[in-house]
Amino acid sequence: MDECIALMEAALASLSRGEVVLPLRPVLRIPDSTNVFAMMPAYSAALPAFGVKMITVFPGNHGSELDSHHGAVLLFEREHGRLVAMLDASSITAIRTAAVSAVATKLLARSSAATLALVGAGVQARTHLEAMLLVRDIATIRVFSRTEAHARSFSAWAERAHGVHVEVSPSVQHAVRGADVVCTVTSSRTPVLLGAWLEPGMHVNAVGASQPDARELDSAAVAACRLFADRRESLLNESSDFLTPKREGLISDAHVVAELGEILTNRASGRETDDEITLFKSLGLAVEDLAAACHVLAGAEREHIGTDVALGGLRPAE
């Protein structure tokens, strides 16, 4: 996770400098369901390969033995366009998403932040706990899940994995009360975090909703916050957390203060006062997957890890 946080800082800064080609992701919606298949291509002048993440998102998998995200990241080398690697997208997505939230937390949360609230107890809750522990001195942790058994399982895992105590909260409102950092990492399609519960000085990482028909925050919550994005274009086109209050006339496009990369490259400022409420809306960018996958491939090549597969592309010998 610590390596990935540094990678995400570099990737987001590169995006802000204009070094990245990043089309909006085409999404195929599976009929008669909430399931989707998405394709996320990216090119970065700062990386040795370009590529695409192809992924399914099946929200109904939450609470089962299966992750909600399945797919692969494909890397192609830049000289001849050869496919050079295929990597598990579930692992990369889980790690890089939390690492980007850690970047946002470093830039936007109060330096004294010590209380963390996790809304959701799945895969992203686990990686977000790890990430938050790396960027702030967290002393108090609370978790809420609609299924109490999942929250208790998460608490037991956190004790084993990180040696920290996690309090299981009876409600979202209880979990976020007095929190310095709130991470919403749910599969909910309707708001789970209300503006009435936000308090001065909070920082919120809104992570779970990445489609135009799903959101985790109500309109009042978004309107009350200084809003930051991984990328403006993605936020303005793909985020119901933003688009719904915009349609309601509560906010405009100008409500987006900055992209994280603009803060990293000193083109914008982050938190300005201890009392303001900051919100990072995470949508997930293909350049983040690309940066993580290139790093993993380089490590695998050094350690001679992986399986070589011949997929063609060579001219037959004459």
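The values are calculated or read from the model by the stated rules, or taken from the named source; none is laboratory data. Since the model is a prediction, treat every value here as computed from it, not as a measurement. Counting neighbours? That spans all protein chains shown, and the Cβs are built from the backbone with ideal geometry, glycine included.
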**Prompt:** Hey, does segment 27-46 have a residue that's under 20 Å from LEU264 (Cα atoms) and either of a type in the set (A, V, I, L, M) or not assigned by TED's automatic domain parsing to the domain that holds ARG82 (or both)?
**Reply:** yes
**Request:** Working only within segment 27-39, note down all residues that are closer than 19 Å to SER187 by Cβ and either acidic (Asp, Glu) or within 19 Å of the chain's Cα centre (by Cα) (or both).
**Result:** VAL27, ASP32, ASN35, VAL36, PHE37, ALA38
**Request:** Please report, ordered by residue number, the strands (runs of 3 or more DSSP E) entirely within segment 73-150 with at least 1 residues that are of a type outside the set (Asp, Glu) and in contact with a Cys (Cβ under 8 Å, 6 or more places away or on another chain).
**Result:** 115-119
**Request:** Take the residues in segment 1-59 that are assigned to a strand (DSSP E or B) and of a type in the set (Ser, Thr, Tyr), then tell me which one is surrounded by the fewest Cβ atoms within 10 Å (Cβ to Cβ).
**Result:** THR56
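Residue-wise test of (1) at pLDDT below 95; (2) within 15 Å of PRO212 (Cβ to Cβ); (3) assigned by TED's automatic domain parsing to the domain that holds HIS203.
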position	(1), (2), (3)
THR244	no, yes, yes
LEU250	no, no, yes
ALA254	no, no, yes
ALA258	no, no, yes
ASN266	no, no, yes
LEU297	no, no, no
**Prompt:** Of all residues in segment 237-251 being touching a residue at least 40 places away in the same chain (Cβ under 8 Å) and in a helix (DSSP H, G or I), which is surrounded by the fewest Cβ atoms within 10 Å (Cβ to Cβ)?
**Reply:** ASN237
**Item:** Hits in segment 252-281 (condition: in contact (Cβ under 8 Å) with a residue 60 or more places away in the chain, more than 21 Å from GLU19 (Cβ to Cβ) and touching a helix residue (DSSP H, G or I) at 6+ places or on another chain (Cβ under 8 Å))
**Value:** GLY270, ARG271, ILE277, THR278, LEU279, PHE280, LYS281
**Request:** Tell me, please, whether a residue that is modelled with pLDDT under 95, in a loop (DSSP other than H, G, I, E, B) and within 21 Å of the chain's Cα centre (by Cα) can be found in segment 165-184.
**Result:** no
**Complete:** The one condition ILE277 fails out of (1) out of contact with any Cys (no Cβ under 6 Å at 6 or more places or on another chain); (2) surrounded by fewer than 23 Cβ atoms within 10 Å (Cβ to Cβ); (3) aliphatic (A, V, I, L, M); (4) within 29 Å of VAL192 (Cα to Cα) is (1)
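Please work out if ARG189 is of a type outside the set (Val, Ile, Thr), in contact with a Ser or Thr (Cβ under 9 Å, 6 or more places away or on another chain), surrounded by fewer than 17 Cβ atoms within 10 Å (Cβ to Cβ) and not in a loop (DSSP other than H, G, I, E, B).
no
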